[in-house]
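Colleague: A single structure is presented below for examination.
The values are calculated or read from the model by the stated rules, or taken from the named source; none is laboratory data. Every value quoted in this text rests on a predicted model; they were computed, and no experiment measured them. With ideal geometry, Cβ positions are generated from the backbone for all residues, glycine too; neighbour counts draw on all protein chains shown. Note: areas computed on protein heavy atoms with side chains; ligands, DNA, RNA excluded. Shrake-Rupley method; radii C 1.70, N 1.55, O 1.52, S 1.80 Å.
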Amino acid sequence: MPKKRIIDFSEELNDMQTSMSDLSSTMERLDDNAEEQSDLLKELERRLSKIDPSFIAESPQSSEHPFKVYSNQYFLERSEEIEESITKEVHSNFQLLPSMTKLDYILATIIGAIAALADLLLVKIPKDVTYLGKYTQEGGSLTTWLRSLGVNEDGKLNGFLSNLEKNSKVSFDASTKKAFTDYDREVSGFSSKTHRLMSLGHDPLFGLLFGVLDIVNGRISLIDSKGAIHLIPIEKYQNATFENIVFAPFLWISHILSDVCTKMGVPAPGWGLTQLLQFGEFGEKDRTVADLARYMYLEGYDLRHFISMGTVPGIVELCTRIYYKLTLEKSDPFTLTYSKDLKEIHNKIRLQKLLFTAHSAATGGNALKIIMNQGNPLAFNYPQLIAFTKQSIQMSVISTRDKTTEKIISNREQINREWENM
């Protein structure tokens, strides 16, 4: 039978041992946590040092600095400087224009080069000419084929177009100065070959407006070779019938269609306005821009050649958009809406950059084509310049867009990534 102790501490000792064991475990966890926090603080110091290199000089090891860089005192004293540095970093690192890959640049340049090659070998110039009396240059096969449409072997309009011509007589189709019986001003350079270039009603771009006004008012609106604007009444058409006034737009369309396939054709869209460009001294004869444009029209630079030249920017647009579609990343259906919107914006900008690169290469190719043709203005690709100008304006709009929303989304995603790394 065991002896009964007067004072028994066994139970108290067991409790103390248990408490000490728990305290030891807690200390171990705190020690591990402290080590982890120390690593995090070192990482924070490293990142802060990237924002402000002076952090290195003011590190905790410096005896002159009485507090650590992550203390409240430090942030109170340096808060404005830190805020300014962070703001500067956020704005400087934001991608104004999403970058393209090397493959994007290579493919876009190749597409532009292919378009330039088509310009050089297929489009060429409107017809065979001997430029400057000594350079024999060949016309493009595509324009030659277009010129064969709508006419018979003798060069006369086919039955359908011939009927349109007979039934769509209009006031703005006056072809000689004889129609201006009561007009006392001089109309320079106006003839049967230039009347469609000078008559604004024949322009495919804005001719509907001027053509309808001319039909209703019984006149012809034109810009002569000296850049003078004339509104000349045509006596024969002064009393326009009610039917002609009501159906003026259809009358204009039928008349333009009947003129497209004639020998001189109708001018390229907007080409009539070139007669206002009375400046420049080009070539041996010191021609103005207006003189060059008139020469080009007389040598076949009309709507048919405009369509032929349009294949060059057409190749750029088609091939670039196909490449873009094939390389477009599919969006994750579970992605947040704001991330999808940002991705969509960047995809559209990437497409515009691809188009700009390809059009730049094609435009450069056209400049080379002009040089290879001894500076012949007939080698100039008007539609390609329009496409390049349009794309340049588009890039300017993109560069000056309001980027506030994109910055917010981009910064939010950056913060999320940093938290995940931490």
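Colleague: Give, in nm to one decimal, the length gained when the segment between Thr327 and Arg185 is fully stretched (0.36 nm per residue of separation minus the Cα-Cα distance).
Modeller: Length gained, Thr327 through Arg185: 44.9 nm.
Colleague: Additional query: Heavy-atom accessible area of Phe380 with all protein chains present, probe 1.4 Å, nearest 10 Å²?
Modeller: Its heavy atoms expose roughly 50 Å² to the probe.
Colleague: Still on this structure, please answer the following. Which percent of the accessible area of the range 244-285 is formed by carbon and sulfur heavy atoms (probe 1.4 angstrom)?
Modeller: Of all accessible area on the range 244-285, carbon and sulfur atoms account for 71 percent.
Colleague: Nearest 20 debye, what's the magnitude of the dipole of the range 223-366 about its Cα centre given +1 on Lys and Arg Cβ and -1 on Asp and Glu Cβ?
Modeller: Value, rounded to 20: 560 debye.
Colleague: To continue, here is another question. Let me check I have the definition right: for the range 181-271, take the eigenvalues of the Cα gyration tensor, multiply each by 5, take square roots. What are those semi-axes in whole Å, largest first?
Modeller: Ellipsoid semi-axes (Å, largest first): 20, 18, 11.
Colleague: So how much slack lies between Lys42 and Leu209, counting 0.36 nm per residue of separation and subtracting their Cα-Cα distance, in nm?
Modeller: Value of the extension gain: 52.8 nm.
Colleague: Give me the accessible area of Met27, 1.4 Å probe, in Å² rounded to the nearest 10.
Modeller: Accessible area of Met27: about 110 Å².
Colleague: Still on this structure, please answer the following. Ratio of the range 231-364's C-alpha Rg to 2.2 N^0.38 Å, to two decimals?
Modeller: After normalising by residue count via 2.2 N^0.38 Å, the value is 1.68.
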